[in-house]
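Heads up, the thing below is written out as structure tokens.
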Amino acid sequence: MLGLIGSFSLLAAFVAALLAVVGYYQATTQPTEPVWRRLGRWSWSVSTVGVMVASGILFYLLLDHQYQYAYVYQNSSLEMPFKYQFSAFWSGQEGSFLLWILYSGFVGWALMRWAGSYENPVMTVVAFCQVFMVSMVVGLQFGAFQIGSSPFTLLAERFPDAPVFQSDPNFVPSDGTGLNDLLQNPWMVIHPPTLFIGFASMIVPFAFAIAALWQRRYTEWVRPALPWTLFGVMILGVGIAMGGYWAYVTLSFGGYWAWDPVENSSLVPWLIGVAAIHTMIVQKKSGNSQKASLLLSIFAYLFVVYSTFLTRSGVLGDVSVHSFVDLGLYSQLVLWISAMALVGVGLFIYRYRELPTPKKEPNLLSREFMIFSGAMFLTAWAAVIILGTSSPIIGQLFRENPSIVPIEFYNRWTLPLALGFVFLIGVGQLFWWNKMTVESMNRVLLRPLVLATACTIAVLIFTPFVEQTVVLPAQEGGAPLASTQAAGFLAGFGTLWASHGQGLMLAMLLFFAFFALFGNGSVLWRIGRGNLRLAGGAITHIGFAITVLGIISSGAFSNPLARDGQVTQNGVEQRDNFVLVNGQTRLLNGYQVTYSGTELNERGRTLYIIDIVDRRGRAYTLKPEVYQSEADDQWIQHPDLKKWMEKDLYLSVTPSAMYENPEDEENPGRVTLREGGAVTIGNQEYMVRLAALSRTEDPAYQNDSTEVAVVADLEVTNLETQETRTLTPVYRVQTDGTQQFVQYSVADWGMTVVLSGIDVGTGEVEFIFEGVRVMPEDWIVVTAYEKPFISLLWFGIILLSLGFCVSVARRVQDQRLSIRRGLA
């Protein structure tokens, strides 16, 4: 019964949204007839109330564990804590759409109150978009044709061919499958709702831009639209940051951003929205950048819709862990994108010749030019990211199974654009409107440049920046070419300049971030003594500069505990993980690390107890979590962190049970490895890594009747002494087809190894060790990093968001004053 009420509420919301489009459209074309506006307002309210009722019912069904409904069954379970039962509402595709639609309803109500004379055309656009969104969840069926996927579909209706429903149509499961384990995190309770507030808010600048083109009000639309744009971009940015923090504290890859297609698709509208804010400020101040403001406001929302297509159509299902499964919405999503693009870009092109042009172009030495240039850098940045993100779609034109572009693509192309933008946020606030002289420019730039230069040189001299950002070639004898001390600075930086352009650009980014910090800091100091209400831009830019410094410090200076900061003679860095046996203590990079066993948390999941004493003598315990998911037997790894102001210690664990062949009980000395793989043998004794496997023509490895000889380079580390030796057992195939195994012995270790077989199909290589004890039962592989000053990243994001809040408050106040004066 409740499901029927929910379905009817969504149908009523869909029909009412259509009536709101009609009412507001007629009110725009016939402004003297107030009945049409009343129809639009009432219809919108009915639609929003219908969505509220449906949302309330879905919440109740989830909390009441009514598993006869497919959405409830697939997104909740009895064992889930209450907060995750609550977040199950938006964990699935239908529920997340419903949440977005609900927020859009609230946005519409706010526009009725504060859009002023723009209410009719703006709400026409917002209601038109709402029709498409509600259609995604209305779940209407016309024979084989279906509109949307309802969250109130019964499980028997979703899977009618399931054997259990063939025998018992009224079957109701006793429990659901529950949320994906990675989504059961407190940050996922607040991250998606925040992100969807941003998505819902980004419709407003789009609607104002369309209204301006529709009614030929090309200039004044910026004033009422700017507060909404600032708010939407701020909330969207906070949501993205929350997602990054969730990845950092939940996933075991040791970072907060992986250039995943779904991450990128939310970043792109944010970048374009920030660009739109800057061009709108220029337009409001000087009358320039009117075309750019319109077009960027349109594209910011178009890419919100495009990101929805990427995540919900199934096109990225094979390349992104974040994307939803395809629920048959592909055609509807394409229609939605096409309609928004036709209305937005089509109307822009149609009105293009009418759009006003500035009386004169801005001077190169002016704030207008610097801000506009920064917006273009952001737009180019977004274009690169969306091109890489769309590569699986573009690639389908040329091949059957295209892959995503590698991470290096984004690093290579976005870093130069980031350089330009960060530099411009440093000079943009320092320059004056209209025009500056060379003398005045030198005066305002001198102090920030001197301070930035001093700080950058200090970082390059007193930190391992050069060595951490690039792997430098080694001199004869294995000594590194550059050290972290001042004496090696020139040589290291010279190598960086000549051979490693990306490392050089990172050093330049460090300088520009300091420059932006000090430049905007001086502006904030000057403004703060007068009217702090005007300081939003300076605070935002300072926050962005600190964020960039946090990204550089936590990335370039990230230091694995298993690495001693040097490079091997062949220029390859040592491994960033290490093996610990239960009860074993190892000293690594100044840290004393002990594996003290396991315990179970309140949900019965295994915590691995790692006791640590750091360089300062501070003792603490980290408890990373590892368990197998009951739903699909997938291994789930959650790291643990110790946080200080100056650094984080990040630690994750891979238990021996996750390895396919930790031990062969029939032959304890048998080990199977792939090239690059590693395993521990002996009782806390040896770490074995297959560094290379290659065919050889060396006479030392052959005899007269050898047809093929293969040699393995095994790096064997004595875990007690930390001595590493390379063992080279040989596998030979003779001309008569027989096989020969040339063993390699280490006398003082009492160890012998034989390369006993190669599986060409799988790449697995089998070795048999003699003279070494069997593998211990309880061992783990630990990955641990120091993340220096990563707190700068999170502090910078908070400060950036605070700056947006100040700017929103200022623009809202300006808009209210303009309404009182009859200017809007």
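Mind checking which residues of the range 513-551 are without any contact (Cβ under 8 Å) to a residue 12 or more places away in the chain and under 18 Å from Val427 (Cβ atoms)?
Passing the criteria: Trp525, Arg526, Ile527.
Please find, within the range 235-284, the residue that is nearest to Trp187 (Cα to Cα) out of those that are part of a helix (DSSP H, G or I), open to solvent by 10 Å² or more (accessible area, probe 1.4 Å) and among the hydroxyl-bearing types (Ser, Thr, Tyr).
Here the residue is Tyr245.
Could you tell me which of the residues Pro160, Pro169, Pro173 is part of a loop (DSSP other than H, G, I, E, B), over 32 Å from the mean Cα position of the chain (by Cα), at pLDDT 90 or above and surrounded by fewer than 16 Cβ atoms within 10 Å (Cβ to Cβ)?
Being part of a loop (DSSP other than H, G, I, E, B), over 32 Å from the mean Cα position of the chain (by Cα), at pLDDT 90 or above and surrounded by fewer than 16 Cβ atoms within 10 Å (Cβ to Cβ) holds for just one of Pro160, Pro169, Pro173, which is Pro173.
If you scan the range 613-641, which residues turn out to be modelled with pLDDT of 90 or more, assigned to a strand (DSSP E or B) and either open to solvent by 70 Å² or more (accessible area, probe 1.4 Å) or aliphatic (A, V, I, L, M) (or both)?
Val613, Ala619, Leu622, Val626, Leu641 - these are the residues of the range 613-641 that are modelled with pLDDT of 90 or more, assigned to a strand (DSSP E or B) and either open to solvent by 70 Å² or more (accessible area, probe 1.4 Å) or aliphatic (A, V, I, L, M) (or both).
Just checking: which of the helices (runs of 4 or more DSSP H) contained wholly in the range 395-496 hold 2 or more residues that are of a type in the set (Gly, Ala, Ser) and at pLDDT 50 or above?
In the range 395-496, the matching helices (runs of 4 or more DSSP H) lie at 407-428, 438-462.
With respect to Leu714, determine if the residue is touching a residue at least 60 places away in the same chain (Cβ under 8 Å) and open to solvent by less than 50 Å² (accessible area, probe 1.4 Å).
So Leu714 does not fit the description; no.
Can you give me the number of residues within the range 285-294 that are open to solvent by 10 Å² or more (accessible area, probe 1.4 Å), of a type in the set (S, T, N, Q) and closer than 18 Å to Gly344 by Cα?
Residues flagged as open to solvent by 10 Å² or more (accessible area, probe 1.4 Å), of a type in the set (S, T, N, Q) and closer than 18 Å to Gly344 by Cα within the range 285-294 amount to 2.
For the range 497-531: of the residues being among the polar types (S, T, N, Q) and at pLDDT 80 or above, which is most open to solvent (accessible area, probe 1.4 Å)?
Ser522
So Thr606 ticks every box in (1) open to solvent by 30 Å² or more (accessible area, probe 1.4 Å); (2) more than 15 Å from Asp640 (Cα to Cα) but one. Which box is left unticked?
Just one mismatch for Thr606, condition (2).
Could you please let me know if Glu220 is surrounded by fewer than 24 Cβ atoms within 10 Å (Cβ to Cβ), in contact (Cβ under 8 Å) with a residue 24 or more places away in the chain, outside any helix (DSSP H, G or I) and not polar (S, T, N, Q)?
yes
So how many residues does the range 22-66 have that are surrounded by fewer than 22 Cβ atoms within 10 Å (Cβ to Cβ), under 36 Å from the mean Cα position of the chain (by Cα), of a type in the set (A, V, I, L, M, F, W, C) and over 17 Å from Ser7 (Cα atoms)?
1
Looking only at the range 731-769, how many residues end up being among the aliphatic types (A, V, I, L, M) and either at pLDDT 90 or above or under 15 Å from Leu673 (Cα atoms) (or both)?
So the answer is 7.
Looking at the range 717-819, what strands (runs of 3 or more DSSP E) fall wholly within it and have at least 1 residues that are over 41 Å from the mean Cα position of the chain (by Cα) and either surrounded by 15 or more Cβ atoms within 10 Å (Cβ to Cβ) or on the phi < 0 side of the Ramachandran plot (or both)?
Fully inside the range 717-819 and qualifying: 724-727, 730-734, 739-742, 744-746, 751-759, 764-770.
Which one of these is modelled with pLDDT of 90 or more and touching a Phe, Trp or Tyr at 6+ places or on another chain (Cβ under 6 Å): Thr606, Thr594, Thr547?
None of the others qualify; the one that does is Thr606.
Are there helices (runs of 4 or more DSSP H) fully within the range 1-88 with at least 1 residues that are free of Cβ contacts under 8 Å to residues at least 24 places away in the same chain and under 30 Å from Gln215 (Cβ atoms)? List them.
2-29, 34-63
So which of Leu649, Leu673 is within 42 Å of the chain's Cα centre (by Cα), open to solvent by less than 30 Å² (accessible area, probe 1.4 Å) and modelled with pLDDT of 90 or more?
Leu649
When only residues in the range 135-157 that are modelled with pLDDT of 85 or more and on the phi > 0 side of the Ramachandran plot count, which is most open to solvent (accessible area, probe 1.4 Å)?
Gly139
Regarding the range 532-540, can at least one residue be identified that is of a type outside the set (Lys, Arg), open to solvent by less than 20 Å² (accessible area, probe 1.4 Å) and touching a Cys at 6+ places or on another chain (Cβ under 8 Å)?
yes
The values are calculated or read from the model by the stated rules, or taken from the named source; none is laboratory data. Predicted, not measured: the structure shown is a model, and the values here were computed from it. As a convention, Cβ positions derive from the backbone with ideal geometry for all residues, glycine included, and neighbour counts pool all protein chains shown. SASA here: full protein model, heavy atoms, side chains in, ligands and nucleic acids out. Shrake-Rupley method; radii C 1.70, N 1.55, O 1.52, S 1.80 Å.
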